[in-house]
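Novice: Just dropping this structure here.
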Amino acid sequence: MSRIHFDITHPAHVHLFRHAIRELVDDGHAVAVSARQKEITTDLLDAYDIEHTVLSRKGTRKSALVLEWLGRDLRALRYAWRFDPDVVVSRLSPTAIHAAATVGAGSVVLYDTEGTNRLARLFLPLVDRICTPDSFETDFGEPHRRHAGVQELAYLHPDRFTPDSDRLRDHGVDPDEPYSVLRFVSMGAHHDVGRAGLSPAAKRRLVDELAAHGEVYVSAEGAVPTGLDARRVPVPPDAIHDLLAAADVMVTDSNTMATEAGLLGTPSVRSGSYVDTGEFSNFTALAEAGLVESIGDEDDAVERAVELAADPHARDRWDERRREYAAASTDVTDYIVDTVLEVVAERGAR
């Protein structure tokens, strides 16, 4: 059987890879997982009972990033030498790609962000596969493979996810009562330099106006902005998709959670300065499917969110669009597993 190493550096990557990890383990492959302690990454790995080794921790200052990644690169090399993988799988992790090349392993990269194409091209000679959604506009040549639909379908495809209303009730959320979910990010990651999310004024207006249509739950990196009369999200991190699935509307400056809400059939409004950059071709496809509305002007975004919260038929429309989109898309977990084993076979045949 094969030896496969997954490198996970962000909470979203836990969801992206967790089903593939489980399937490969169940099929008898040796699977190792390395992680970066960032936000709730390791909490999610623990919640899904995925054994892992922490190679680095996110610092509190951007100046610490370079030192962190230098140390992480060295630890990733040591980790790879000890585990001796056939293939290393990552979400465009430079340290994982470097480690794979150093120990002679294959490298499979999942990727969907045009804004970091320069970094992707830098590492292309070292990867066996770079896998993107079919909406991805750039052509990376021979290693490039495309799949139908966005990568969040690895865990939110209808064959992979069924909402659990009982988990919501266990944490004081009534799924039969109207509520909205807001997600605010800190814009503190290296790729967020020069970007801005929703302003404090827009956040307050969202809370004030959506409260007329039900409870408002807020998820935020760091502290919830002062003066917001809203509840913190009451469910644990591994139940966030259950919460999104029953919401009347989701409003966010987070690209990932905007996508997740739309895929769950929840009206999704995305705002912030990323909207007008063109760095995420995913959102062109999601807009065409009617799953995510990306609105650059935050006042317009607030108005649209309130309109959707007040529309009793909005969820039905989104749910129908979700079913149509999923039916035309790939189960991305199956795609990941097939791609990894394909690379293993190719390398074994050399």
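The values are calculated or read from the model by the stated rules, or taken from the named source; none is laboratory data. Just so it is clear, the model here is predicted, and its values are computed rather than measured. Glycine gets a Cβ as well: all are built from the backbone with ideal geometry, and neighbour counts include every protein chain shown.
Novice: Find the residue count for segment 329-339, including only residues that are under 20 Å from the mean Cα position of the chain (by Cα) and part of a helix (DSSP H, G or I). If you could, list the steps in order and put the result at the bottom.
Specialist: Keep residues of segment 329-339 that are under 20 Å from the mean Cα position of the chain (by Cα), which gives 329-337, 339.
With part of a helix (DSSP H, G or I) added as a condition, the list becomes 332-337, 339.
Total meeting the criteria: 7.
Novice: Taking the condition of being surrounded by fewer than 24 Cβ atoms within 10 Å (Cβ to Cβ) and of a type in the set (Lys, Arg), how many residues in segment 225-271 meet it?
Specialist: Going through segment 225-271 one residue at a time, the tally reaches 2.
Novice: Sticking with this one: Could you say which residue among 43, 26 is farther than 28 Å from residue 344 by Cα and out of contact with any Lys or Arg (no Cβ under 9 Å at 6 or more places or on another chain)?
Specialist: Working: 26 fails: farther than 28 Å from residue 344 by Cα.
Result of the check over 43, 26: 43.
Novice: What number of residues within segment 272-298 satisfy the criterion of being crowded, with 21+ Cβ neighbours inside 10 Å, more than 28 Å from residue 160 (Cα to Cα) and modelled with pLDDT of 90 or more?
Specialist: Final tally of qualifying residues: 1.
Novice: Check off (1) under 26 Å from residue 239 (Cα atoms); (2) touching a residue at least 12 places away in the same chain (Cβ under 8 Å) for residue 136 and give me the number that stays unchecked.
Specialist: Every condition holds for residue 136 apart from (1).
Novice: Can you tell me how many residues in segment 135-157 are under 17 Å from the mean Cα position of the chain (by Cα), at pLDDT 95 or above and at negative phi? Explain how you work it out, then say what you get.
Specialist: Step one: of segment 135-157, the residues under 17 Å from the mean Cα position of the chain (by Cα) are 135-136, 147-157.
After this cut, where a residue has to be at pLDDT 95 or above as well, the list is 147-157.
With at negative phi added as a condition, the list becomes 147-148, 150-157.
The number of residues fulfilling the criteria is 10.
Novice: Separate question: Please identify the pairs in which a residue from segment 84-99 that is more than 14 Å from residue 35 (Cα to Cα) and in the same structural domain as residue 112 (by TED's automatic domain parsing) has its Cβ atom under 9 Å from the Cβ atom of a residue that is assigned to a loop (DSSP other than H, G, I, E, B) and among the β-branched types (Val, Ile, Thr), counting only partners at least 6 apart or on another chain.
Specialist: 97/127
Novice: Is there a residue in segment 314-328 that is surrounded by 14 or more Cβ atoms within 10 Å (Cβ to Cβ), outside any helix (DSSP H, G or I) and assigned by TED's automatic domain parsing to the domain that holds residue 202?
Specialist: So far as segment 314-328 goes, no, none of its residues is surrounded by 14 or more Cβ atoms within 10 Å (Cβ to Cβ), outside any helix (DSSP H, G or I) and assigned by TED's automatic domain parsing to the domain that holds residue 202.
Novice: So, one more: Which one is surrounded by the most Cβ atoms within 10 Å (Cβ to Cβ), of the residues in segment 21-41 that are within 16 Å of residue 334 (Cβ to Cβ), in contact (Cβ under 8 Å) with a residue 12 or more places away in the chain and touching a strand residue (DSSP E or B) at 6+ places or on another chain (Cβ under 8 Å)?
Specialist: 21
Novice: Could you tell me which of the residues 18, 3, 75 is at pLDDT below 95 and of a type outside the set (A, V, I, L, M)? Break it down stepwise before answering.
Specialist: Working: 18 fails: at pLDDT below 95; 3 fails: at pLDDT below 95.
That would be 75, the only listed residue that is at pLDDT below 95 and of a type outside the set (A, V, I, L, M).
Novice: Condition first: part of a helix (DSSP H, G or I), under 30 Å from residue 68 (Cβ atoms), under 24 Å from the mean Cα position of the chain (by Cα) and modelled with pLDDT of 65 or more. Now tell me which residues in segment 168-204 satisfy that. Walk me through how you get there before you give the answer.
Specialist: So the first thing to find is which residues in segment 168-204 are part of a helix (DSSP H, G or I), and the list is 168-170, 190-192, 200-204.
Still in the list and also under 30 Å from residue 68 (Cβ atoms): 190-192, 200, 203.
If we keep only those that are under 24 Å from the mean Cα position of the chain (by Cα) as well, we get 190-192, 203.
203 - this is the single residue of segment 168-204 that is part of a helix (DSSP H, G or I), under 30 Å from residue 68 (Cβ atoms), under 24 Å from the mean Cα position of the chain (by Cα) and modelled with pLDDT of 65 or more.
Novice: Here is a list: 296, 265. Which entry is on the phi > 0 side of the Ramachandran plot, not in a helix (DSSP H, G or I) and not assigned by TED's automatic domain parsing to the domain that holds residue 90? Step through it out loud before you land on a result.
Specialist: Numbers: 296 fails: on the phi > 0 side of the Ramachandran plot.
Unique residue meeting the criteria: 265.
Novice: Where residues in segment 112-122 are in contact with a Ser or Thr (Cβ under 7 Å, 6 or more places away or on another chain) and in contact (Cβ under 8 Å) with a residue 24 or more places away in the chain, which of them is surrounded by the most Cβ atoms within 10 Å (Cβ to Cβ)? Please lay out each step first, then the result.
Specialist: As a first pass, look at segment 112-122 and keep what is in contact with a Ser or Thr (Cβ under 7 Å, 6 or more places away or on another chain): 112, 114-115, 117.
Cutting the leftovers down to in contact (Cβ under 8 Å) with a residue 24 or more places away in the chain gives us 112, 114-115.
Values: 112: 19, 114: 17, 115: 13.
The qualifying residue surrounded by the most Cβ atoms within 10 Å (Cβ to Cβ) is 112.
Novice: Continuing with this model, one more query. Restricting to segment 123-133, and then to whatever is in contact (Cβ under 8 Å) with a residue 24 or more places away in the chain and either within 24 Å of residue 276 (Cα to Cα) or assigned to a helix (DSSP H, G or I) (or both), can you tell me which residue is farthest from the chain's Cα centre (by Cα)?
Specialist: Only one residue fits best here, namely 126.
Novice: State whether one or more residues within segment 46-62 are under 28 Å from residue 140 (Cα atoms), at pLDDT 95 or above and among the β-branched types (Val, Ile, Thr).
Specialist: Keep residues of segment 46-62 that are under 28 Å from residue 140 (Cα atoms), which gives none.
Checked segment 46-62: no residue is under 28 Å from residue 140 (Cα atoms), at pLDDT 95 or above and among the β-branched types (Val, Ile, Thr).
Novice: OK, next. All but one of (1) surrounded by fewer than 22 Cβ atoms within 10 Å (Cβ to Cβ); (2) farther than 24 Å from residue 161 by Cβ hold for residue 302; state the number of the condition that does not hold.
Specialist: For residue 302, the failing item is (1).
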